[in-house]
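Below you'll find the structure, written out as structure tokens, and then a few comments.
The values are calculated or read from the model by the stated rules, or taken from the named source; none is laboratory data. Please read all numbers here as calculations on a predicted model, not as lab measurements. Cβ placement follows ideal geometry from the backbone for every residue including glycine, while neighbour counts extend to all protein chains displayed. Areas reflect the complete protein model, heavy atoms only, side chains present, ligands, DNA and RNA absent. Shrake-Rupley method; radii C 1.70, N 1.55, O 1.52, S 1.80 Å.
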Amino acid sequence: AHTLKNQGINRIDGIILTHFDLDHGGGVRDLMAQIDTTWLYLPDAEPDAPLRMELEQSAGEKIQWVRNTKYISFGNAVLTIYPADYGKIANESSMCILFQSGKYDILITGDKNQEEERLLLQDVALPDIEILIVGHHGSAGSTSMELLDAIRPGLAIISADGNNKYGHPSVATLKRLE
């Protein structure tokens, strides 16, 4: 929140959580307490997830449950949120987000594994992607060749601390990205 406020941002139209793992949404309560937020887009999955239950209590009126593909337009841009799979575990049930503006497309797959990526490709005709936020912090189980061949990303961004205990990003994922 401090960084956003220093940039003059005092209001957020919407926050999207791909799933309820703390490394993806653990700071959302504090962020919403400090910056006025209109909507919180959440996957209708993981009914027993502690973070989900806490957010239902603290931000109930602001929650928009994503049960079907949701399109949000603003200016010339469109944000498409693909829903989570209700019956899957946390990482597998990640929502996916496609941002499109002009010739630029950005894809976020959350922590989906390779099988869930394949299911997404069966359901959705994704465009060539200029920027891919690499799935599951670059773990070996995400960012399949099928996904990469389908979207042909121009740039890949991996969100991982260089000294994490999981060894992310994996060498196998880095080779697939090459």
Item to check | Neighbours by Cβ (under 6 Å, 6+ apart or cross-chain): first from segment 6-27, small (Gly, Ala, Ser); second open to solvent by 50 Å² or more (accessible area, probe 1.4 Å) | outcome: 14/39
Checklist outcome for this item: Here, helices (runs of 4 or more DSSP H) confined to segment 83-178 with at least 2 residues that are crowded, with 20+ Cβ neighbours inside 10 Å and either without any contact (Cβ under 8 Å) to a residue 12 or more places away in the chain or under 17 Å from the mean Cα position of the chain (by Cα) (or both) are 114-123, 145-151
Item to check | Residues (touching a strand residue (DSSP E or B) at 6+ places or on another chain (Cβ under 8 Å) and not polar (S, T, N, Q)) located in segment 57-73 | outcome: 59, 62, 63, 65, 66, 70, 71, 72
